[in-house]
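Here is the structure we will look at, set down as structure tokens.
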């Protein structure tokens, strides 16, 4: 069975998403990075989209009739500004050292209102939370904490000086949300994937505490940040609160989040307010 036909694989859910949205993607320019062996690019081509495949190591791309362009996210993608209708970053963000810069690159190459689909191992599920508590590893009892032996997945210095790291930079839904927001995106929809059995078993024990803790923090923080109007504070904190207590996020194996480009990332700073005192204040 191919990965894209296996419900245990994130590729299955990405394929389903693309097929469900083929009408809106037909004829659209969709960037696929990292493209890997090209499975997603092929699906895009099959549904009538115009795939643009990019990867740090295009040598692994295996789809005939399509080209994969070498791209290093830390140096900027070889794509012109605002030329993409959609962008798929499948199982990539957790490998990038500078994730905010990566989101800004996604924003740069997307048109206004363009779609960004991110998938990544779910560091917000209960198994991951427990794993971090016990050993700071991705999976307790089976993996060591991130280290220089297990997390250098690809180093081909004759091809590129960039190192392809393992899951050194795993992130949960809250960090994913705020990085996207700081780069000019908003969450359009969270798509749910297959639940992890360990997380499901942990739910009855931990969920009451998660619910209570998130509720208390939400109520307490509504009274802060007086520089913002009450409606803005409530909107932001309520979104964070709802993500924090979402049972499907707490048990899902992967995060699969669809974002929409709201504004150019260069404009984001104009809407931000400093928490610290201004220079020269005492």
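None of the figures in this text is laboratory data; all of them are computed from the coordinates on show. Predicted model, so just to flag it, every value in this text is computed and none were measured. Methodologically, a virtual Cβ is constructed for each residue, glycine included, from the backbone with ideal geometry; neighbour enumeration extends over all protein chains shown.
State whether segment 163-282 is rounded, prolate or oblate according to the following rule on the C-alpha gyration tensor (a ≥ b ≥ c being the square roots of its eigenvalues): a/c under 1.5 gives rounded; otherwise a/b larger than b/c gives prolate, and the remaining case gives oblate.
On the way: a/c = 2.05, a/b = 1.38, b/c = 1.48.
Here segment 163-282 falls in the oblate category.
Binning the C-alpha pair distances of segment 125-182 at 5 Å intervals from 0 yields a P(r) profile of 4, 17, 19, 18, 17, 13, 9, 3, 0 %, listed from the shortest bin outward. Between residue 227 and residue 156, the distance separating the two model label sites (each 7 Å from Cα on the Cα→Cβ line) works out to 4.7 nm. For the chain, the longest principal axis of the C-alpha atoms and the axis of helix 173-182 are separated by about 80°. When every Cα-Cα distance of segment 16-95 is counted in 10 angstrom steps from zero, the calculated P(r) takes the values 20, 54, 26, 1 percent.
Spin-label model, residue 59 to residue 203: label points 7 Å out along the Cα-to-beta-carbon direction sit 4.5 nm apart. Answer with a single label: of (i) 19.5; (ii) 20.3; (iii) 21.0, which was calculated as Kirkwood radius over Cα pairs in Å from the structure in view? Looking at Kirkwood radius over Cα pairs in Å for this model, the match is (ii).
Arrange the following residues from fewest to most other Cβ atoms within 10 Å of their Cβ: 134, 243, 116, 31. It would help to have the intermediate numbers written out before the result.
Details: 134 10, 243 19, 116 24, 31 28.
The order, fewest Cβ neighbours first, is 134, 243, 116, 31.
Applying 1/(1 + (r/R0)^6) with r as the Cβ-Cβ distance of residue 194 and residue 46 and R0 = 30 angstrom yields a FRET efficiency of 0.80. Converting the Cα gyration tensor eigenvalues of segment 1-140 into ellipsoid dimensions via √(5λ) gives semi-axes, longest first, of 26, 19, 15 Å. Computed from Cα atoms, the angle from the helix 197-221 axis to the main principal axis of the chain rounds to 50 degrees.
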